[in-house]
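Report on one structure; see the data block that follows.
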Amino acid sequence: MRRLRAGIVGGGRGAFIGSVHRIAAELDGQALVVAGAMSADPGIARASAADWLLERAYTSYEEMAAAEAAAAEGIDFVIIATPNDLHFPVARAFLAADIHVICDKPLALTVAEGEELVRLVESGSTLFALTHVYTAYPAVREARELVRSGRLGEIRLCLIEYTQDWLMEPLENRGNKQAAWRTDPAKAGLGGCIGDIGTHAANLLEYVTDRPIEAMCADLSSFVAGRRLDDDAHMLLRLQGGAKGTLVCSQVACGEENRLALRIYGSQAGLEWHQEEPNTLLLKPAGRPWERLRTGHGYLAPPARSAARLPPGHPEGYLEAFANLYRAFMQDVRRLMDGQPPLRDYPGVHAGLRGLRFVAQAVASSRAGSVWQAL
């Protein structure tokens, strides 16, 4: 046994998500980030690597992939924490070097790129994980188990909302790096808000209900003048098995920080979860008082118990959920080292491709006058 060696592409100075990935990868003591190509700017790349005390710094991901693949003690996996437009070329380079990949969503910029990554992963033995983090909260795991157990009865209605306010103003015109690339079609892809946070909402809904979205009717808006991508979306959904749903996502919802909320209603009970209070899951049985389920307790199902690190009453949240994805991914890396098949208990390339198709169909629906589109 040894710590796994990880590398990172992107996530340098001025980035939010790079440090999140590093903390998550290292939280359980199973891995150490030792190498990085942390910026397209060589100076920032070297300075960022020095900030993190990395053993090896690179000024391009191509150089990093080649050098690490050839090294006797090269990295076991790479973290991709770049803007969206680099996900595909970086993933392709490291897959070609036979290095396992864990990547921020989205999988790529286009459906065609996503399909190419699916082919590359399926034709080899290299692991690929996508960080749809909200599926890894203990309470979300419990919600999924309640649906699977039949506790809710026939699923009828699903409501999911993901609202923020950080793009209420045209920050992309005021030097904000995060806003600039997220509102640029060349770097973000077809969708703005729908791609950035709408895909998280759709993925969470499908994960908990275990029912894929079959069709959608979308109305996308750009409320900020001059913005090239959507900053708000309202959608009607039809799910497999007959359930109906609504999905609302917005980055211009005044006063909201990161409000991700899920409600599912069945013929026997409903449930409700809020990401901003992630350790509580409300179960609403028909004709009985609501039950307030809390993470860390022994009454939860095994998937929820195994996703919690702390005793009841000790808050767990975003970083720990991220670390749950890393823990499952790194267990598979070790399983392959030991000659065992991977379990793949985390989102992968197929979830990523589904997200790209979700965005493409939502944009198509809205452009055609909010007509129904199959997914």
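The values are calculated or read from the model by the stated rules, or taken from the named source; none is laboratory data. Keep in mind the model is a prediction, meaning the values are calculated, not measured. Cβ sites come from the backbone with ideal geometry, for glycine too, and all protein chains shown count toward neighbours.
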Report task. For region 79-95, enumerate the residues that are surrounded by fewer than 21 Cβ atoms within 10 Å (Cβ to Cβ) and under 18 Å from Gly348 (Cβ atoms). Result -> Arg92
Requested in this report: Among the candidates Leu300, Leu282, Leu293, Leu310, single out the residue that is assigned to a loop (DSSP other than H, G, I, E, B), at negative phi and surrounded by 14 or more Cβ atoms within 10 Å (Cβ to Cβ).
Outcome: Leu300
Report summary line: Gly114 vs (1) surrounded by fewer than 17 Cβ atoms within 10 Å (Cβ to Cβ); (2) within 20 Å of Ala186 (Cβ to Cβ); (3) not assigned by TED's automatic domain parsing to the domain that holds Asp210: all pass except (1)
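Can you tell me which residue in region 21-46 is modelled with the highest pLDDT, limited to those that are among the acidic types (Asp, Glu) and out of contact with any Leu (no Cβ under 7 Å at 6 or more places or on another chain)?
Narrowing region 21-46 to residues among the acidic types (Asp, Glu): 26, 28, 41.
Checking the rest, the ones that are also out of contact with any Leu (no Cβ under 7 Å at 6 or more places or on another chain) come to 28, 41.
Details: Asp28: 97, Asp41: 93.
Restricting to residues being among the acidic types (Asp, Glu) and out of contact with any Leu (no Cβ under 7 Å at 6 or more places or on another chain), the top hit is Asp28.
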Query - In region 247-269, the residues that are under 22 Å from Glu214 (Cβ atoms) and not in a loop (DSSP other than H, G, I, E, B) - result: Leu247, Val248, Cys249, Leu262, Arg263, Ile264, Tyr265, Gly266
**Report entry** Residues (surrounded by fewer than 24 Cβ atoms within 10 Å (Cβ to Cβ), under 17 Å from Ala261 (Cβ atoms) and of a type in the set (Ser, Thr, Tyr)) located in region 183-232
**Finding:** Tyr207
Requested in this report: Might you check whether a residue that is within 30 Å of Ile194 (Cα to Cα) and acidic (Asp, Glu) occurs anywhere in region 23-42?
Outcome: yes
Query raised in the report: Do you know which residues across region 161-216 are assigned to a helix (DSSP H, G or I) and among the polar types (S, T, N, Q)?
Result: Asn173, Gln178, Thr199, Asn203, Thr209
Report task. Go through the residues of region 253-271 one by one and say whether even a single one is crowded, with 16+ Cβ neighbours inside 10 Å and under 26 Å from Ala186 (Cα atoms). Result -> yes
Query - Output for region 176-233, where each listed residue is of a type in the set (Ser, Thr, Tyr) and in contact with a helix residue (DSSP H, G or I) (Cβ under 8 Å, 6 or more places away or on another chain) - result: Thr183, Thr199, Tyr207, Thr209
Report task. Just give me the residues in region 233-250 being within 10 Å of Ile194 (Cα to Cα) and surrounded by fewer than 21 Cβ atoms within 10 Å (Cβ to Cβ), in sequence order. Result -> His234, Val248
